[in-house]
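Peer 1: Provided herewith is a single structure, encoded as structure tokens, for subsequent inquiry.
The values are calculated or read from the model by the stated rules, or taken from the named source; none is laboratory data. On a predicted model such as this, the values are computed, not experimentally measured, just so you know. A quick note on method: Cβ atoms are made from the backbone with ideal geometry, for glycine too, and the neighbour counts reach across all protein chains shown.
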């Protein structure tokens, strides 16, 4: 039974028995009119009776509850007397992105998380983090895309735009928005920039290696140039227990492809160009040294900066994207010497990725293509020997004999062939 009473402040309250706990509860009303308070108490009784008997709410009470305003609706919802039918509050862009990144951190690698946060940072620089996420329009997405393309590689802009589209796809799936404002942007595939892809000559690399004082960094460069390791991830994961110098093999562990079928583990030959630097570092190891091959450096991005300094000391112009281009150069070299599936297995990428991001067409390919296959050095030498033999005096007599045979052959060629042909008729 609901009862109405007045508080010292002049406002009214309704007291009732909670059917779930049996305790007496108080609902303070934002009204100062006793008649209005009694009307509310009647509807509260109807709501309580419907909850106790599991029967429908009377139509008049249902209509009253649906037309309630604030703050009475919020108080009834908090008391559990009416359901909360209001749509959930739309989060701001900044709060939603932070929540999404926190959820993704549990399922992606640290390197992927780093790129996701970079994309989120640039998105929130272009858009107001305090704007409700349903207020972001397609025009805002076009503006973000234009700012990402300004002064930045297209592959990077495409990657960050794809991540921004991923954020808003999650908002669509959660019901915060009905349409992704980045959904109309197409052509976001990450492709290799051939303008920045160059071949790194071995002689230049050796000149740089001569000025590098640290044997570990010399090995880092050698592994990138002649073993094609991804730098720094695969180089930092290399262990001495994975290297078999007597048999010329080593195990490479790639965190980038760890989610693939092979777990990102592949076996690579120890190429002759790499072996001296491995043996050099092995000979300098003290007793009880760490199993890690590279111990003096971490995977910070200043490897390229340090390498560029040593390039200048060696009188070599620094290469753009040096470690990526050294890996790409090795992929091109191996493709000329070994079958394609072997190269892909050794370097840890598919043939499609190799053609798209690594392998290049070199001048040697054009030279081989323009050479006449019948004029190779062996055939030319044989032809010269034949010419010299024909002009020697000892061959004059055989030449006359051959000339007579040639004349007879001409006569045979002029003779007509009968109906039976050369072969005798079969029985």
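Peer 1: Answer yes or no as to whether residue 101 is in a helix (DSSP H, G or I), under 30 Å from residue 236 (Cβ atoms) and at pLDDT 90 or above.
Peer 2: Yes, satisfied.
Peer 1: If you don't mind, another one. With the requirement that a residue be closer than 27 Å to residue 232 by Cα and surrounded by fewer than 16 Cβ atoms within 10 Å (Cβ to Cβ), what does the stretch 118-134 give you?
Peer 2: Hits for the stretch 118-134 are 118, 121.
Peer 1: Within the stretch 284-323, can you find the residues that are under 18 Å from residue 197 (Cα atoms) and free of Cβ contacts under 8 Å to residues at least 12 places away in the same chain?
Peer 2: If the condition is that a residue be under 18 Å from residue 197 (Cα atoms) and free of Cβ contacts under 8 Å to residues at least 12 places away in the same chain, then 317, 318 are the ones that fit.
Peer 1: Still on this structure, I have one more. Looking at the stretch 60-98, which of its residues are under 30 Å from residue 140 (Cβ atoms) and assigned to a helix (DSSP H, G or I)?
Peer 2: Within the stretch 60-98, the first condition is being under 30 Å from residue 140 (Cβ atoms), and the residues that meet it are 86-98.
Result: 93, 94, 95, 96, 97, 98.
Peer 1: I'd like to know if the stretch 8-29 contains one or more residues that are more than 30 Å from residue 176 (Cα to Cα), surrounded by fewer than 14 Cβ atoms within 10 Å (Cβ to Cβ) and in contact with a helix residue (DSSP H, G or I) (Cβ under 6 Å, 6 or more places away or on another chain).
Peer 2: Taking every residue of the stretch 8-29 in turn, at least one turns out to be more than 30 Å from residue 176 (Cα to Cα), surrounded by fewer than 14 Cβ atoms within 10 Å (Cβ to Cβ) and in contact with a helix residue (DSSP H, G or I) (Cβ under 6 Å, 6 or more places away or on another chain).
Peer 1: Another question, if that's okay. Taking the stretch 3-33, which residues are under 14 Å from residue 75 (Cβ atoms), within 60 Å of the chain's Cα centre (by Cα) and assigned to a loop (DSSP other than H, G, I, E, B)?
Peer 2: First, the residues of the stretch 3-33 that are under 14 Å from residue 75 (Cβ atoms): 11-16, 25-31.
Then keep just the ones that are within 60 Å of the chain's Cα centre (by Cα); that gives 25-30.
Passing the criteria: 29, 30.
Peer 1: Within the stretch 206-227, does at least one residue satisfy the condition of being crowded, with 22+ Cβ neighbours inside 10 Å and touching a strand residue (DSSP E or B) at 6+ places or on another chain (Cβ under 8 Å)?
Peer 2: The answer is yes; a qualifying residue exists.
Peer 1: Answer with yes or no whether residue 84 is surrounded by fewer than 15 Cβ atoms within 10 Å (Cβ to Cβ), at pLDDT below 90 and either assigned by TED's automatic domain parsing to the domain that holds residue 171 or in contact with a helix residue (DSSP H, G or I) (Cβ under 9 Å, 6 or more places away or on another chain) (or both).
Peer 2: yes
Peer 1: Same structure again: I need the full set of residues from the stretch 273-317 which are farther than 16 Å from residue 222 by Cα, assigned to a loop (DSSP other than H, G, I, E, B) and within 26 Å of the chain's Cα centre (by Cα), in order please.
Peer 2: Answer for the stretch 273-317, where residues must be farther than 16 Å from residue 222 by Cα, assigned to a loop (DSSP other than H, G, I, E, B) and within 26 Å of the chain's Cα centre (by Cα): 298, 299, 300, 301, 302.
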